[in-house]
1. What nm value, rounded to one decimal, do you get for the distance between A:LEU226 and A:PHE101 when each label is placed 7 Å out toward the C-beta?
2. Heavy-atom accessible area of A:HIS167 with all protein chains present, probe 1.4 Å, nearest 10 Å²?
3. Under a 10 Å cutoff between Cα atoms, tell me which one of A:SER79, A:SER191, A:SER126 has the largest fluctuation in the Gaussian network model of chain A.
4. Determine how many Å³ per residue the convex hull of the Cα atoms of the range B:52-138 encloses.
5. For the interface of B with A, what's the total buried accessible surface in square angstrom, probe 1.4 angstrom, rounded to the nearest hundred?
6. Using only the alpha-carbon atoms, what does the protein assembly as shown span along each of its principal axes? Please give whole angstrom values in decreasing order.
7. Please give the length that would be gained between B:SER286 and B:ASP252 if that part of the chain were fully extended, namely 0.36 nm times their separation in residues minus their C-alpha to C-alpha distance (nm, one decimal).
8. Return the distance in nm (one decimal) between the two label points of a simple spin-label model at B:ASP67 and B:SER267, each offset 7 Å from Cα along Cα→Cβ.
Amino acid sequence: MFNFAGFWALFIKEVRRFYSVMVQTVFAPVISTLLFLLVFGQVVDSRIETYAGLTYSQFIIPGLIMMALLQNAFSNSSSSLIQSKMHGNLTFVLLSPISAFEFYLAFVAAAVVRGVVVGVGILLVSIIWFDLSWQQPLWILLFAVLSAAMMGGLGMMAGIISDKYDHLAGFQNFVIMPLTFLSGVFYSIHSLPEFWQQVSYFNPFFYMVDGFRYGFFAQADVSVYLSLLVTTVFLILVSVINLILLHKGVKIRG
Amino acid sequence: MSLAVKFDNVVKNYPNVQALKGVSFDVEEGAFFGLLGPNGAGKSTLINAMSGLVLADSGQIKVQGFDVVSDYRTTRRALGLVPQELIADPFFTIRELLELQSGYFGLKGQVQRNWIDELLQRLALSEKAGANTNELSGGMKRRVLIAMALVHKPRVIVLDEPTAGVDVDLRRTLWDFTKELHQQGHTVILTTHYLEEAEALCDKVAILNKGQVQAIDDTQALLSKHPYRYLKVKVANPEASLVGPLQKLVVDKEPSGYVFQVDKNSSMTQAMAWMEQSGLEVVDVSSRDATLEEVFLDLTSAEVSADV
């Protein structure tokens, strides 16, 4: 039997946690992403070829939104979990009748909310200066939610496994950051040499960015269905690993 | 009598130590139960395994007849644990924490809000209800932990070293509150280093040492089973040197005399004869039974000596 009340209380707690430090968790990523847009867009607007009929600035907006969304969804669950472990207040949740599944769902749902809030913030500010179309809004929404959920789950895994902030920083800087930057946020992979194009196909973040971009321009580097498949498979994989870790109590239940 | 908790051959291993080596005992419903043992005896591991903070490797723990692993939702509703470590949450006030904790148990509405108010008032936290836990003293944090443990009105309350590091005044308040909960019918399980408190409060005691139950009995029965009694002897010539078997019986030397540990079944005449033999000019003699602390030390040090 699903303990909806318990799940909801934990979800609300996780949302209120990032809401209480909104300058750091929402406004800062919106501003830093807009700085990327300003610098990259203005400087190289006419020098890089993307899709037909699009300026470079228009092209990178969906990528930048997705990059911020992915990083913030990851940060939400990972930092909340490691802080709870460090302060010891995770004990309160572990003593309650909340199941591993409800625990996972609450953390991931809160990560999705933060990722989407940051994404919407960037989008709203971007459309003030740039002409942006969204031709397939359902794809945009679907990829935003699935990708944020996948990254929320990945953040949770990192939070469970990490014993200290240093471990988490390593995960963030040496795994998440490179995969995000090399996922086609700033370029179409068709502009890469053949070898790097092939390498990009092994990066799951590429499919999230590409599928999300398809929602805006109705054109992408690979089929949107392939992107949906890869994103969904990774989400399921991350979810299964998390549920096993939580069920076994790895690094959280003695 | 029905059982509040049943431990059945509970084993827990850590990489370099076997924390619990097959612990089995029962805690009856309505008991005030003391779980004693030196540091590293396995008390906290056992309590944490009961509450779900630690997963035991084998064995079974039942709370009010329900398995803590397969029926964890029921057992966690029945249990309220006050953990040993002080806990903080920098994002929420005390009232918010209590409301969130209630939410995890599916409790909300005016009745629950009234209970939270009552807890805050009873634990002298009302004025701090809007404060963040980071702003609180250690004693205040301890009170918050007690409020958190009681927010869902559990039948079994587990206190893991609740008075460690708190001042005398707060300690007294906590014990009065705990006694009141016990009188209301709650089962209380307590671990403490203050053995005189366990002696005064607990009707039954288990002594855990190196992951095993060393002794378990009613507190009074455990005390009366102790093979020694203690003679406090005041003498006029404390500088006199002791001779014969008396030397081995001294457990404490005071400015005005000695405390001797003597066999309960030996005659007082024999001890007096040895004192006379040593030339002690006895002014006064008082006799008392062992305290829980002496029983505890006797049981746990015997194990250490045997190991050496």
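The values are calculated or read from the model by the stated rules, or taken from the named source; none is laboratory data. This structure is a prediction, so every number in the text was calculated from the model and none was measured. Note that each Cβ is placed from the backbone with ideal geometry, even for glycine, and that neighbours are counted across all protein chains shown. Heavy atoms of the whole protein, side chains included, go into the accessibility calculation; ligands, DNA and RNA do not. Shrake-Rupley method; radii C 1.70, N 1.55, O 1.52, S 1.80 Å.
1. It works out to 3.4 nm between the two label points.
2. A:HIS167 exposes around 80 Å² with every protein chain in place.
3. For chain A, modelled as a Gaussian network with Cα springs under 10 Å, the answer is A:SER191.
4. Each residue corresponds to 128 Å³ of Cα convex hull volume.
5. 2600
6. The Cα atoms of the protein assembly as shown stretch 114, 53, 42 Å along the principal axes, largest first.
7. Using 0.36 nm per residue and subtracting the Cα-Cα distance, I get 10.8 nm.
8. Going by the 7 Å Cα→Cβ label model, 6.1 nm.
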